[in-house]
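Contents: one structure, followed by commentary.
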Amino acid sequence: MNGGDEVVGAPAGPPQPLEWKFSQVFGERTAGEEVQEVDIISAIEFDKSGDHLATGDRGGRVVLFERTDTKDHGGSRRDLERMDYSTSRHPEFRYKTEFQSHEPEFDYLKSLEIEEKINKIRWCQMANGALFLLSTNDKTIKFWKVQEKKVKRISEMNVDPSKATGNGCIASSSNSSSSKPYLANGGYPDRSYNYMSNDYLFPAGGIPSLRLPVVVTSNETSLVARCRRVYAHAHDYHINSISNNSDGETFISADDLRINLWNLEISSQSFNIVDVKPANMEDLTEVITSAEFHPTHCNMLAYSSSKGSIRLVDLRQSALCDTHSKLFEEQEVPGSRSFFTEIIASISDIKFGKDGRYILSRDYMTLKLWDINMDSGPVTTFQVHEYLRPKLCDLYENDSIFDKFECCLSGDGLRVATGSYSNLFRVFGCAMGSTEATTLEASKNPMRRQVPTPSRPSRSLGSITRVVRRGAETPGVDANGNSFDFTTKLLHLAWHPSENSVACAAANSLYMYYA
């Protein structure tokens, strides 16, 4: 302020591209080691605080990790920031516990084998120091409580060792090596005690040698995972999504044709809120591929389809949400239709931004960022697999074209990320004017496959700039001349909710990076 005039600074430019560094790896493979199918990671999820990370695998196991670098300094990260404590160390996690969430089952009515693979994991609100999470396979959702319990053990038996048997009880004379008859409660008959047959008479003052075990709670703790509820028999088709509501009480589960609304406390019934199944299955043209609740509005949810569209639903409109409140889809370019058009347009994953203003979607070729206030088209399109367009026939033959890649947004909403082949993943800047497009490899040297980022044109639509981010449009080889490997794919990754830290799964290995 100078003489009543406010000094206005120059508008800040886009944030600088991040420099990613390797942090940790769990389950690293040695050279030539064969990966077991059951060990391949199939789901990753940070909790809201970012202090816990959960992974699920094809063997039905859920593995939990907890953050350690904040604990070492005796306080939460928020407290450290409040004290102006500069945390120079990068985020570090350690193995916490694991449990068997799902087992293989067989549906005898449909003669269908239900595999134990974990499709999705979602964290619920913590309570009384216990962790709560939802996990699902193709058919059954389970609600888990993971809690530290103090170990109880017998500290002293208060028993004469010469009279004790292996199980801690005192035996009668028939089981004892001594010729003296001992009582089962630790005493033995004295001459002054009168007994007839085997009926003992207790003296008025009690038996002075009565021995009882003393159970005490030790300082040791063990983590116990307990299944609180099982939500079953509600889906005829494979569950592809589960999502918690911001009200903390309900969640949705979605399969190919229906979305059901559940209350966490009630496992016996659910409400069908979206049903796209036609009266005649021959008229079926699209299926539901992903669904997610709005992060702050408990009445709103979005779901994507195999035709590349996203529908926004308002639960206040009707009990059965057959009609959407908004439809987001990109118009097809005339003359561009081919045999693969619908296959590559299918959306494999959608994620709301932290504030709920934007939706990120991933189809086979691109990442798209949508503004829920603008349904004319995506705000930004990031080209991820454009270099694979000439190879679509080969990808169709080996079924790679049906791979379902996930996507994620940073907590500040400035960047997005998704996986690719050859264990690569891409990070794009989505702030206005940003040209950030980074390719990283899930290895201890993530920058090994860096390629130069070409220029990317932009065009203006009225007052809103719609940018086409072409990323690194490389041919079938990377910067080092290595050909892309379609058998190694990075499908699952998650961004820390408040920091620039990414966890991603390469087969059975969990890699973590920070910037």
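When K149, K145 are screened for being surrounded by 16 or more Cβ atoms within 10 Å (Cβ to Cβ) and either under 16 Å from A225 (Cα atoms) or without any contact (Cβ under 8 Å) to a residue 24 or more places away in the chain (or both), only K145 passes.
Has region 410-420 got at least one residue that is closer than 20 Å to L327 by Cα and not charged (D, E, K, R)?
Our first condition is that a residue be closer than 20 Å to L327 by Cα; within region 410-420, this holds for none.
Within region 410-420, not a single residue is closer than 20 Å to L327 by Cα and not charged (D, E, K, R).
With respect to the conditions (1) small (G, A, S); (2) at pLDDT below 65; (3) in contact with an Asp or Glu (Cβ under 6 Å, 6 or more places away or on another chain), S509 falls short on a single one, namely (2). Inside region 359-407, residues that are in contact with a helix residue (DSSP H, G or I) (Cβ under 9 Å, 6 or more places away or on another chain) and either under 19 Å from E332 (Cβ atoms) or among the aliphatic types (A, V, I, L, M) (or both) make up a count of 10. Within region 26-50, residues that are within 21 Å of E103 (Cα to Cα) and open to solvent by 50 Å² or more (accessible area, probe 1.4 Å) reach partners that are part of a loop (DSSP other than H, G, I, E, B) and of a type outside the set (D, E, K, R) with beta carbons closer than 6 Å, at six or more positions or on different chains, in the pairs V38/G59; D39/N508. Close contacts from region 333-362, counting a first residue that is closer than 18 Å to A254 by Cα and a second that is part of a strand (DSSP E or B) and open to solvent by 60 Å² or more (accessible area, probe 1.4 Å), with Cβ to Cβ under 9 Å and a gap of 6+ residues or different chains, come to F352/Y358. Using the structure shown, decide if Q450 is out of contact with any Phe, Trp or Tyr (no Cβ under 8 Å at 6 or more places or on another chain), open to solvent by 10 Å² or more (accessible area, probe 1.4 Å) and modelled with pLDDT of 90 or more. Spelling it out, it is not the case that Q450 is out of contact with any Phe, Trp or Tyr (no Cβ under 8 Å at 6 or more places or on another chain), open to solvent by 10 Å² or more (accessible area, probe 1.4 Å) and modelled with pLDDT of 90 or more. On the stretch given as region 301-343, residues that are out of contact with any strand residue (DSSP E or B) (no Cβ under 9 Å at 6 or more places or on another chain) and of a type in the set (F, W, Y) total 2.
Of all the criteria given as (1) among the β-branched types (V, I, T); (2) surrounded by 15 or more Cβ atoms within 10 Å (Cβ to Cβ); (3) in contact (Cβ under 8 Å) with a residue 24 or more places away in the chain, the one not satisfied by T296 is (2).
Residues that are open to solvent by 20 Å² or more (accessible area, probe 1.4 Å), over 20 Å from L490 (Cβ atoms) and small (G, A, S) within region 343-373 comprise just one, A345. For region 303-313, name all the residues that are open to solvent by less than 30 Å² (accessible area, probe 1.4 Å), closer than 23 Å to T341 by Cβ and either assigned to a strand (DSSP E or B) or in contact with a Ser or Thr (Cβ under 7 Å, 6 or more places away or on another chain) (or both). Selection gives Y303, S304, S305, S306, G308, I310. For region 192-238, a residue qualifies if it is open to solvent by 90 Å² or more (accessible area, probe 1.4 Å), at pLDDT 60 or above, part of a strand (DSSP E or B) and over 30 Å from N272 (Cα atoms), and the qualifying residues are V215, N219, E220. Does S455 meet the test of being at pLDDT below 95, surrounded by fewer than 20 Cβ atoms within 10 Å (Cβ to Cβ), part of a strand (DSSP E or B) and of a type in the set (G, A, S)? When the stated conditions are applied, S455 does not pass them. Just so you know, in region 400-432 the residues that are more than 16 Å from M365 (Cα to Cα) and among the polar types (S, T, N, Q) include one that is most open to solvent (accessible area, probe 1.4 Å), and it is N423.
For every residue, the table says whether it meets (1) open to solvent by 30 Å² or more (accessible area, probe 1.4 Å); (2) modelled with pLDDT under 95; (3) assigned to a loop (DSSP other than H, G, I, E, B).
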{"site": "T87", "(1), (2), (3)": "yes, yes, yes"}
{"site": "F106", "(1), (2), (3)": "yes, yes, no"}
{"site": "E113", "(1), (2), (3)": "yes, yes, no"}
{"site": "I121", "(1), (2), (3)": "no, no, no"}
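Residues considered: Y358, Y303, Y364. Of these, the only one that is at pLDDT 95 or above, over 26 Å from L284 (Cβ atoms) and not hydrophobic (A, V, I, L, M, F, W, C) is Y358.
Limited to region 382-439, what total is found for residues that are within 16 Å of I359 (Cβ to Cβ), outside any loop (DSSP other than H, G, I, E, B) and of a type in the set (D, E, K, R)? So the answer is 1.
The values are calculated or read from the model by the stated rules, or taken from the named source; none is laboratory data. Note that this is a predicted model, so its numbers are computed, not measured. Neighbour counts run over all protein chains shown; Cβ positions are idealised from the backbone, glycine included. Keep in mind that these areas ignore ligands, DNA and RNA; they rest on the heavy atoms of the full protein, side chains included. Shrake-Rupley method; radii C 1.70, N 1.55, O 1.52, S 1.80 Å.
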